[in-house]
Every structure is written in C-alpha cells, then in structure tokens.
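Step one of this worksheet: look at the structure below.
The values are calculated or read from the model by the stated rules, or taken from the named source; none is laboratory data. Note that the structure is a prediction, hence the values are computed from the model and not measured. Positions of Cβ are generated from backbone atoms using ideal geometry, with glycine treated the same way; all protein chains shown enter the neighbour counts. Only protein heavy atoms, including side chains, enter the accessible area calculation; ligands, DNA and RNA are left aside. Shrake-Rupley method; radii C 1.70, N 1.55, O 1.52, S 1.80 Å.
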Amino acid sequence: MIKKQDLIENNYYINTKYGIGQYKRKETFNNKIQYCFLYAQGTHYYADEEHLNEFYRYNYIGNNTPKLDSIRNKNSWKKRKNKSIVEAKKQANELLQIYKNRSNQEGFKFSKDTCLQKQFESSISFELSSGQKRCINEIKLDMESNRTMDRLLCGDVGYGKTELAMRAAFKAIQDHKQVIILTPSKILSGQHYSDFKDRFKNYDVKIALLTSQRNKKRTQLLQEIELGEIDIIIGTQNVLSYNIHYKDLGLMVIDEEHKFGVSTKDKIKKISSNIDILSMTGTPIPRTLNLTKLNIRNVSIIDTPPLNKKAPITESYSWNDNKIKFVINRELKRGGQIFVVDNNIKELYILKDKIETLVPNIKIAIVHGKMKADDIDNIMLDVLDKKYDLILASTVIEVGITVKNANTMIIFNAQNMGLAQLHQLRGRVGRSNNNIESYCILTYSNDKILDPIAKERLQIMCKNSCLGSGFKISERDAEIRGFGEIIGTNQSGHIANGIGMDYYIDILGECIKGIS
C-alpha cells in the first residue's frame, strides 16, 4: 500500500478495484485534496488520502510501458487478479509446508556461551557495529533453541558477515559439533581458509580446506572428517559429496547463497534436514527477498557499517583514454592498487596492451577463471605483497579477494553485468577501513549505444552507492529482471501477468494468514 509521499507523477500504480492507472496530479475540490489517476479511454479516478491504501506500486521492465486498465470494463483486471489469487493460494500452501516442516524439525540445542567463547569474541582488535551485535544475538538464540535454524544473514559487502559466521562456528565447536563452510568458488574457499586459520590460531580448532583434487592427502582428510578429527571443513560443493561422511555435523554456513544453482541446493537439502543453517549474502535473490517480506524465512540484516568505512564513489561513462589514464595515475600517486575488470577473457590481453601504452612502466597482473587455482593464488599473493600495481581480471574476483590497498576499480563493458554482480565487484574496493576515498568506474565501449535496461542498471548503481545499498539494489535488480516465482526454479514468470510484485506479495501474505 502507498502513502501520499510515495506518489510520483506519471508513475504507474495498481488499484485493487480498477487495476493499472497512472498518477497525474494532486487537485483540490471543496477544500479537500484529491489524487488524480489516469485510466484507459482517458477516464480519471480521484482518490482522497484515506483511499490511497487501495493502491500499490506497479513496477515494469524497461520501455515496456504498461497498458492502462479500464474503469468502465473491469473484466481484464478481474481475470488477472483472480488468476493471481488462485496462484497465491497454491504457493501459500507449498511455502507453509516447506518452511513449517523445517521449523518443526527438532534440532540440536546448543549450549549458552562458554567462557572460551567470550574470550574468542573479545580477541578481535575492533568493536562490532550495533547491527552486527544484534544479528549475532539473533543467530545465537536460534542455535540455543531446540528447533533447526534456517537464518539468512544479509549485510552489504564489507559489513562483517564473516566475523559473525566465525562466532557461530566457534559456538558449534564448543558442543563438539562439526561445521561446514560452503562457498561458490575455489578462490573464496581459499580466502575463508586463510581467514579462519588466522582467526582461530590461538585455539585448539582443526580447520581443513577440502578440494576436488583426488590424492592421498584428500583420502586421509576424508578419514579424519569421518572420525571427527576436523572441526571446520571449508570448500565448494565438494563438501556435499556423497562419499564424505561427517561424524557429527551441527552447522552449515552457506556464503553467497545466491550463487548456488538448483542442483547444489538439492544436495544442501539432503545433508541439512536436521542441522542449523546460516546463509549469508550481500545481495539476496528475488525469491529470498519475497520470503523475508512474508516473514516466512528468518532474516538478520546488518544495517550499520563498520567504523571508518566510506562507500566507493561510483561513476559511469564510455571508455575514454584520457579519463582512464587520470583515474589510474590518481590511485598510483597515493600508493594504491587498481582493479580493472572485463569478463571477456580474450579482451584482457588487449586491455593490458592499451593500459601499458597509457601508463608506461605500470606492473600488471592478469587473473581469470580459466587459470589454475594455484596460479591464481600465487598471483594474488604477489598482489598482496604489492608486486603489481594493477590487477586485470575477469569476474572471478567478484567474491573472496580482499586487497586492502586496492581502492579503485574500473569495470569494462559494465552494461553486460547484472546489478548484484556489479555491486559485489564494487565491494572489492574500499575495504581498508581507514577512511580512504575509493572509486568505482563503470565503463562501456565509446561506440556502444546502451539499451534502456542496461542504461538503467548503470544509473541505479551510481544512485545507490551509499553504504548498505545492497538490499535496495537487489530489489531493483529483481524489478528489472522480473520477480518470478516465489518458490521453484523459475526466476521469471507470473508477476509479469500485470498485478505487480507489491500487490501480489500482499495477496500471498493474506493467503498465508488464512491457511496458518
């Protein structure tokens, strides 16, 4: 439902009785304010403020301007609305069955915090933000209950989700439970392995990185996992393999949940029926957003940034040699490093030649997904040692790489990437927590004419550059791509039937209330 301050001239809105209308203006009749909406055949509907609760936002994609409904002939609107109510009732039943089954599943009741837990948590050199404190308390309450936890931890890039995951893992280990850290990429697995080893180094906690490589070392590691000699197992979907037997699994942390496909999620379901699940994301997928709006899935949002953290300044323009040269030199002059991202691997080497022409003597490293994992790791270690000035990479660096000295990113062909992906990439810079100004430049070929949707994506990124904008960007990404089904594998679908996401969610919520 909307309020008067939500009305924007010429935007489209759904009325529960009449369907799609376009807001035109505010008028006064007999000293009473009326809000004018245009409908088909040039007819107008005037609503006073108390009747604005009959309206909802209507989001549409790109230039596909919606067709106005007719006030005189409401058959088309009624048909669409009734179809959505039938669909909502069906999905309400399915959702309740899925999530009630899990919430009613009796799980392990973890103990209250031990003295060692408190010591572990106080050993960091920084203070948690208020948002982090609230979220870890919510996670612990779930773990200490006798119901299995299924909680989503949503926090923008660099907001400290990993520290909370470490605390949850330590809590599980205190009750002699094993913990899985599931990641979507080898790079992120390696990053987590390094971070966890460093964070837990003063405690008797055994951590292993599980890779897909078949060798004697892996065979031995699987035996140690089965015997319960490994406390934390970090890896990609290898950790879900049928030939891995955990002695006493208690917690699974799923990092960047939106990156996993349906097959991986099916494996997660099989292994996680009675263990606690903590999923983490900076940019939740449409289905997750909808489940949180309906209060079906528990969500904790870190809504406060770490101290001394500044959001990257985001700009977008066509590639210009002089501008790019200025941006690179600006970073080099202050002793920083630069990311240049292009998801076309063939173009990386062309870009390398171009940048070396613009900035002679610059030291450039190339990283992409077709390289061997060991080669990537070795290059990134050299990057961290500041042996390179610029990292030229594909989107393989989207998650997991933390180069605190890198405070400028240039993304080539940014118009080809989704909002969530652009936001994740942007989160690779500005991670030093030293109040350093960082920059993200979204570029496209100077001979390229952007289509309306691509242009809108880049504008959204520039407008939503403040700290904590990940959730807002996810919603806008969902609106552009279509919200699709709330459950199932299809992310595009019946919301495009002409009733709008906001109204559908309200209908679905009412159906759920009626059933539960």
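Okay, here's what the table says:
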quantity: Yes/no for residue 205 being in contact (Cβ under 8 Å) with a residue 40 or more places away in the chain, under 18 Å from residue 190 (Cα atoms) and outside any strand (DSSP E or B); calculated: no
quantity: Looking only at segment 386-427, and only at residues there that are in contact with a His (Cβ under 8 Å, 6 or more places away or on another chain) and of a type in the set (A, V, I, L, M), the one that is farthest from residue 333 (Cα to Cα); calculated: 420
quantity: Set 471, 483, 412: member being under 30 Å from residue 236 (Cα atoms), crowded, with 16+ Cβ neighbours inside 10 Å and at pLDDT 85 or above; calculated: 412
quantity: Lone qualifier among 395, 402 - being within 21 Å of the chain's Cα centre (by Cα), within 20 Å of residue 318 (Cα to Cα) and open to solvent by 10 Å² or more (accessible area, probe 1.4 Å); calculated: 395
quantity: Single residue of segment 191-211 satisfying the filter (closer than 11 Å to residue 235 by Cα and open to solvent by 30 Å² or more (accessible area, probe 1.4 Å)) that is nearest to the chain's Cα centre (by Cα); calculated: 191
quantity: Residue list for segment 29-44, filter: outside any helix (DSSP H, G or I) and open to solvent by 40 Å² or more (accessible area, probe 1.4 Å); calculated: 29, 30, 31, 32, 33, 44
quantity: Scope segment 165-188; condition under 19 Å from the mean Cα position of the chain (by Cα) and closer than 12 Å to residue 139 by Cβ; matching residues; calculated: 165
quantity: Residue list for segment 2-28, restricted to those being of a type in the set (Phe, Trp, Tyr) and in a loop (DSSP other than H, G, I, E, B); calculated: 18
quantity: Sole exception among (1) surrounded by fewer than 18 Cβ atoms within 10 Å (Cβ to Cβ); (2) charged (D, E, K, R); (3) within 19 Å of residue 396 (Cα to Cα) for residue 247, by number; calculated: (3)
quantity: Unique residue being farther than 30 Å from residue 425 by Cβ, among the aromatic types (Phe, Trp, Tyr) and in a loop (DSSP other than H, G, I, E, B) when the list is 120, 126, 110, 170; calculated: 110
quantity: Total residues in segment 425-440, condition crowded, with 24+ Cβ neighbours inside 10 Å and within 18 Å of residue 460 (Cα to Cα); calculated: 3
quantity: Single condition residue 228 does not satisfy, out of (1) more than 32 Å from the chain's Cα centre (by Cα); (2) surrounded by 14 or more Cβ atoms within 10 Å (Cβ to Cβ); (3) without any contact (Cβ under 8 Å) to a residue 40 or more places away in the chain; calculated: (3)
quantity: Selection within segment 304-336 - touching a residue at least 60 places away in the same chain (Cβ under 8 Å), of a type in the set (A, V, I, L, M) and open to solvent by less than 80 Å² (accessible area, probe 1.4 Å); calculated: 311, 313, 324, 327, 328
quantity: Filtered residue count, segment 112-150, keeping only those that are among the hydrophobic types (A, V, I, L, M, F, W, C), farther than 14 Å from residue 298 by Cα and touching a residue at least 12 places away in the same chain (Cβ under 8 Å); calculated: 5
quantity: Given (1) open to solvent by 50 Å² or more (accessible area, probe 1.4 Å); (2) modelled with pLDDT of 90 or more, index of the condition residue 125 fails; calculated: (2)
quantity: Residue in segment 84-106 that is modelled with pLDDT of 90 or more and under 27 Å from the mean Cα position of the chain (by Cα) present; calculated: no
quantity: Contacts under 8 angstrom Cβ, first residue in segment 417-440 being more than 14 Å from residue 396 (Cα to Cα), partner assigned to a loop (DSSP other than H, G, I, E, B) and aromatic (Phe, Trp, Tyr), 6 or more apart; calculated: 433/126
quantity: Helices (runs of 4 or more DSSP H) contained in segment 283-382 and holding at least 1 residues within 30 Å of residue 504 (Cα to Cα), of a type in the set (Lys, Arg) and at pLDDT below 95; calculated: 286-293
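Residue-by-condition table, conditions (1) over 22 Å from residue 107 (Cβ atoms); (2) among the aliphatic types (A, V, I, L, M):
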residue	(1), (2)
138	no, no
166	no, yes
170	no, no
185	yes, no
206	yes, no
